[in-house]
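Working notes for the structure below.
No lab work stands behind these numbers, since they all come straight from the coordinates. Just so we're clear, the structure is a prediction, and the values are computed from it rather than from any experiment. Note that each Cβ is placed from the backbone with ideal geometry, even for glycine, and that neighbours are counted across all protein chains shown.
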Amino acid sequence: MRKILLLSFIFLYSFVALAQKNLIPMPQHLELLPQGAFPLKGNLSLASNTFEPQAKYLANELESLLKVNVNLKKSGTIRFQKISHTVAEQHDYYELKIDAKGIIISATSESAAFYAVQTLLQLAEENQITGSIPALEIKDYAKFTYRGAHLDVCRHFFTVDEVKLFLDYLSRYKLNKFHWHLTDDQGWRIEIKSHPKLTSIGGYRAVTEDVKDSKLTKDGRYGGFYTQEQIKDVVAYAKKLQIEVIPEIEMPGHAQAALAAYPELSCTGGPFQVGTSWGVMDDIYCPKEETFALLEDIIDEVITLFPSHYIHIGGDEAPKTRWKTCAHCQELIKKEGLKDEFELQSYFIKRMEKYINGKGKSIIGWDEILEGGLAPNATVMSWTGIAGAIHAAKAGHDAIMTPVSHMYLDYYQGNPQSEPLAFNAELRLDKVYSFNPIPKELNTTEAKHILGPQANMWTEYITDFKHVEYMLFPRLLALSEVAWGTSDPAAYKSFEQRVIHEFAYLDKMNINYSKAIFELNGHIVSKEGKMYYELSTIKQDGTIRYTNDGSAPNAQSPVYQGPILVDKTMTILAASFANDRMIGSVLKQDFVISQSTGKVIQLQHEPNEAYLANGAATLVDGVYGNKQYFKKNWLGFNGEDLVATIDMGSAASYSNVELNVVDQNASWIFYPQAVKVYVSNDNQNFSLIKEVGKEAIAASKGTIKLTFEKQKAPFIKVEVQHLNQIPVGHAGAGLPAWLFVDELTVY
Ligand code: ACM
Ligand code: ZN
């Protein structure tokens, strides 16, 4: 099976296996030696007198990979040796020398030996078919000491076995920090023996979303937590893989699960439910003595479980709403001589830092720990951008780079239309690969404070572990090279070939991954009053096949020859094929054709420049905007109405107008207040023929339909009135609401 897969990949993509090894991360130096090869067949002997745990690990892995016996002896054809290496910027230095006589692994530390083993295992896999590894020499080291990945187990819960799989994936690609996001509004996931309600109450939430019944408790709640024994087990497992586990205990925000258990630690006293929707909650810890006592008890237990030098204390997204009106908070601000609630946040974090430092540990916090002044020894995890890291490094603090722009793996990695539901933003493989963790604003000394990059896996939209894999792969491979320090955006194509090669491994291991790099791009083009759908792919090889009747494309579907005429309502499904095998994901596009499709349309006000799409024509292109993704195919207006006039032509006859609108209040987007339809014979004098107001719009579920007597006037004007002021109780209250509209169908 594996053989066939590999051969077909070789055939399809004709990568140059000999000139370049398919290693990820690519080592710093690799030299192919002119002759010789180490045979992988027959029994192997492995010396285990030094780096014994790594030698045993290698023996086990080689046995299961190659189906050979590996004898552990005092001496062997594969052997380890300890070396020293003194270049300060080169971490985990190792050398790997392979020739016909044997394999010598020279490593500076246990972790370096482990990484040498990972490299060797990748080489053994790659050369399994040929039966020998060609002679070569590798000298390798990591550029960054911190090479991290984060997993949110609060929004959705993952089992110990799943967490271990996550760790396996990190280790193969030489990542060494696991940031375990253990507490949040929607669930408290770590057993704290001194405060059992944190998990008995905070560990479970009412179900308001679509999760499998098998994941619910007997009384229909969703959740779970890790016992302290399970946590120790995960930490020990990670240690063998040279991974440090960094726990995150969120404070003062993202605390609703804890407050559901202990409402007296809030400003208002509650009561609270464990969160059932995503976002930023106003109710956070109130900085009372009882709160600090609880948090200190928690920290006391946490530090016994995690040998890591770091405790992540969160600090992000803590609204000051409650603190502003809380008598205790206001008194504390006065008593401590603080300027405002931001300084109160700083007081909170500094106080917890002091406690944690007192236990010999250091804190990491998200960007917002900069608010009101940074705690003296804190490391900043820069997520909103890189400004936090720049600020921290210039002030002599360490920083970890996790900007949303390059490191948020909950974003779409391909066309949102064909990808599973994700956070409303895009992060493609090439963008991850292009990330340079060192901001150019830093000088050499300041740059030393950049510990390294980390990718974050928030799981609001990820309900099971197969989906975690899907969001992780292949972007984890790009992170790997960014963190190891061998990524080269100019050589992206060569990296992509190695990624495609790695897909054979992922297939063999039954690891789920996105094939978005093979995806097709679709464009709507209009020519001589007709609409066409044009398909293209970044890959030269392969054939595009498509259907227009809603059925899945297969090896018998028509081959794409050129733009497809769209002259009626239809769904086009298309995919790339090679040798009759589908190699990418299916691109799906619905077209809804009405009398307004492709007609000339004019707008009175331009949309906001961030949400222009293809301008006015977007409204009549036959394609509906995706309600999960506003960056494409939607026109967005901020504080303006949409006023569109369509020239329907002299043969027009119609009695309906339909339009789609969005209501996403957390993003300041609200339904319009009213929609009015006018007609005119001369494009000058318009008469109102139909209008709908707030109630009808609220009941519309986002598709507003206006029906009227049959009209033949060639000009139709649609006025969509935005909400002037966001109502009290919503984010952005008092400001003008955003209005999002797409597709005006007239029929
Ligand atoms: C974050 O994404 N709120 C750190
Ligand atoms: Zn308070």
inquiry  = Quick check on my link table: of 73/164; 193/320; 288/339; 56/82, which ones sit more than 21 Å apart, alpha carbon to alpha carbon?
reply    = 73/164; 193/320
key: More than 15 angstrom apart: percent of Cα pairs within segment 184-241   = 56 percent
inquiry  = Taking 28 Å as the cut-off for C-alpha to C-alpha distance, list the pairs among 212/701; 67/232; 599/690 that go past it.
reply    = 67/232
query = Could you name the aspartates and glutamates in cross-link range of residue 97, using Cα to Cα under 13 Å and dropping any fewer than eight places away on the same chain?
reply = 31, 137, 140
message = If the only charges are +1 at each Lys and Arg Cβ and -1 at each Asp and Glu Cβ, what is the size of the charge dipole of segment 588-686 around the Cα centre, to the nearest 20 debye?
response = 300 debye
remark   = So the pair-distance distribution of segment 372-496, from every Cα-Cα distance in 10 Å bins, comes to percents of 13, 40, 31, 14, 2
remark   = Calculated from DSSP helices alone, with each H run of at least 4 adding -39500 (n - 2.57) and the total divided by the residues of the chain, [θ]222 nm to the nearest 500 comes to -7500 deg cm²/dmol
ask   = Straight-line reach from residue 218: which lysines have Cα under 19 Å away, leaving out those fewer than 8 places along the same chain?
value = 197
ask   = What is the packing order of peptides 484-495, 181-192, taking the mean over residues of other C-beta atoms within 10 Å and listing the highest first?
value = 181-192, 484-495
inquiry  = Regarding segment 156-253, what's the average projected area of the Cα-atom convex hull, expressed in nm²?
reply    = 7.2 nm²
query = Along the principal axes of its C-alpha atoms, what lengths does the chain span, in descending order and rounded to whole Å?
reply = 95, 74, 56
query = Taking a Cβ-Cβ separation under 4.7 Å as the criterion for a possible partner, which cysteines of the chain have none?
reply = 154
request  = Determine, for each peptide in 414-421, 603-610, the mean count of other beta carbons within 10 angstrom over its residues, then list the peptides with the highest first.
outcome  = 414-421, 603-610
request  = State the percent of C-alpha pairs, over all pairs in segment 236-379, separated by a distance greater than 21 angstrom.
outcome  = 43 percent
task = Quick one: work out the % antiparallel among DSSP beta bridges in the chain, nearest 5.
result = 65 percent
inquiry  = Limiting things to C-alpha atoms, what are the Rg and the maximum Cα-Cα separation (Dmax) for segment 497-553, in angstroms?
reply    = 15.8, 51
message = I need the helices of the chain that pass two filters: whole DSSP H segments spanning 20 Å or more by Cα along the axis, and mean Kyte-Doolittle score no lower than -1.0.
response = 52-66, 110-126, 289-305, 341-358, 492-508
key: Distance cut-off 17 Å, percentage of C-alpha pairs in segment 231-278 lying past it   = 52 percent
ask   = Amide H neighbours of residue 226 under 5 Å, counting only residues 5+ apart in sequence or on other chains, H built in-plane at 1.01 Å?
value = 190, 191
ask   = For segment 535-630, what number results from the quotient of the Cα radius of gyration and 2.2 N^0.38 Å?
value = 1.28
ask   = Quick one: Cα centre-to-centre distance for segment 496-564 and segment 666-690, in angstrom?
value = 39 Å
request  = Over the residues of segment 54-128, compute the C-alpha Rg and express it relative to 2.2 N^0.38 Å.
outcome  = 1.11
note = Pairs over 23 Å Cα to Cα, from 21/508; 143/440; 215/239, come to 215/239
ask   = Using the Kirkwood radius built from alpha carbon pairs, what does the Stokes-Einstein equation give as D for segment 306-373 at 10 °C and 1.306 mPa s, in µm² per second?
value = 125 µm²/s
inquiry  = Could you work out the relative contact order of segment 180-315? I mean the mean sequence separation of Cα pairs under 8 Å and 6+ apart, divided by the number of residues, in percent.
reply    = 32 percent
note = Quick calc of log₁₀ I(q)/I(0), segment 340-408, Debye, one scatterer on every Cα, no solvent, q values 0.14, 0.16, 0.22, 0.24 1/Å, result -0.39, -0.51, -0.89, -1.00
task = Over the chain, calculate the relative contact order: mean separation of alpha carbon pairs under 8 Å at least 6 apart, over the residue count, as a percent.
result = 9 percent
task = Give me D for segment 465-579 in µm² s⁻¹, whole number, from Stokes-Einstein with Rh from the Kirkwood sum over alpha-carbon pairs, 37 °C and 0.692 mPa s.
result = 199 µm²/s
